[in-house]
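Step one of this worksheet: look at the structure below.
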Amino acid sequence: MTDQALVEKAFTMLDKSYVPYSHFPVGAALEGADGVIYTGCNVENAAYGSTLCAERTALVKAISEGCRSFTRLAVVGNSADYCWPCGACRQMLREFGADLEVLAANREGAYVAISLEELLPHSFGPETLG
């Protein structure tokens, strides 16, 4: 799958977002090392801390299906700026490796690619705790 196709897959998730508070839908598409794509959308909650980002939704879906290795993540939002993973999402993704490529897109479909390592410098993961 091309980068553009992965971004387009993430866009299909915007309509599924549950965003009654922020009114800011986010979609994500996470590619497993085996080529399987796991999608996610943000799901808000009146208890704001219980809100789940699109990236973590896709990640949890993938983990629950047994996938533990990932190559790319596309994140899209309905804004003029690129949609970047928040800090909590960056750390959750980092748990499974720093070499993930992140494609951050804007509402026009333009995107930039950056590594998770660049987004979360000096990070720690399971291999650094032992």
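How high is the relative contact order of the chain, given as a whole-number percent (alpha carbon pairs under 8 Å, six or more residues apart)?
Values: 272 pairs, mean separation 26.7, N = 130.
Dividing the mean separation by the residue count of the chain yields 21 percent.
May I ask you to give the solvent-accessible area per residue for the chain, in square angstrom, as obtained with a 1.4 angstrom probe? Intermediate values should be presented prior to the final figure.
On the way: 6700 Å² over 130 residues.
Per residue, the chain has 52 Å² of solvent-accessible surface.
Once segment 30-75 is represented by equal point scatterers at the alpha-carbon sites, with solvent omitted, what log10 I(q)/I(0) does the Debye formula produce at q = 0.16, 0.21, 0.23, 0.27 Å⁻¹?
-0.42, -0.64, -0.72, -0.89
Cα atoms only: what Rg and Dmax, in Å, come out for segment 68-130?
Cα radius of gyration and Dmax of segment 68-130 are 12.3, 44 Å respectively.
Test of understanding: what is the full-extension gain from D99 to N45, defined as 0.36 nm times their sequence separation minus their Cα-Cα distance? Spell out each step's value before the answer.
Details: separation 54, 0.36 × 54 = 19.44 nm, distance 3.13 nm.
16.3 nm is the gain from fully extending D99 to N45.
With the radius of gyration and the Kirkwood radius both derived from the Cα set of the chain, what is their ratio Rg to Rh? Don't skip to the answer; put the middle values down first.
Working: Rg = 13.8 Å, Rh = 14.5 Å.
Answer for the chain: 0.95.
Amide H to amide H, which residues 5 or more places from F70 or on other chains are under 5 Å from it, using H placed in the peptide plane?
A33
Each label point is 7 Å from the Cα along the Cα-to-Cβ direction; what then is the distance between the points at N78 and N106, in nm?
For the pair N78/N106, the computed spacing is 1.8 nm.
For segment 33-73, what is the relative contact order in percent, using Cα pairs closer than 8 Å and at least 6 residues apart in sequence? Mind dumping the intermediate values first?
On the way: 38 pairs, mean separation 15.9, N = 41.
RCO, segment 33-73: 39 percent.
Charges on Cβ only, +1 for Lys and Arg, -1 for Asp and Glu, centred on the Cα centroid of segment 14-130; of P121, T71, L52, which one is farthest towards the dipole's positive end?
The listed residue farthest towards the positive side: L52.
Provide the net charge surrounding Y18, with neighbours chosen by a C-beta distance below 15 Å and charges set as Lys +1, Arg +1, Asp -1, Glu -1. Don't skip to the end; give the middle numbers.
Values: positive: K16, R56; negative: D15, E44.
It works out to a net charge of 0.
May I ask you to list, by number, the DSSP H helices of the chain whose Cα span along the axis is at least 27 Å and whose average Kyte-Doolittle hydropathy reaches 1.0 or more? Kindly include the intermediate steps, with their values, before the conclusion.
On the way: long enough: none.
Helices meeting the criterion: none.
Taking the chain as a Gaussian network, Cα atoms linked when under 10 Å apart, which of Y111, Y38, Y48 shows the biggest mean-square fluctuation?
So, out of Y111, Y38, Y48, the one fluctuating most is Y48.
Return the single residue from V43, V102, V75 with maximal mean-square fluctuation; model: Gaussian network over the chain, springs between Cα atoms under 10 Å.
Result for the chain, Cα springs under 10 Å: V43 fluctuates most.
As an exercise, find the ratio Rg/Rh for segment 1-46 from alpha-carbon atoms, using the Kirkwood inverse-distance average for Rh.
Working: Rg = 11.8 Å, Rh = 11.1 Å.
Using only Cα positions, Rg/Rh for segment 1-46 is 1.06.
The values are calculated or read from the model by the stated rules, or taken from the named source; none is laboratory data. Given the structure is predicted, the values throughout are model-derived calculations rather than measurements. Reconstructed Cβ throughout: ideal geometry from the backbone, glycine too, with neighbour counts over all protein chains shown. For the accessible areas, the whole protein counts, side chains as well, though only heavy atoms, and no ligand, DNA or RNA atoms are used. Shrake-Rupley method; radii C 1.70, N 1.55, O 1.52, S 1.80 Å.
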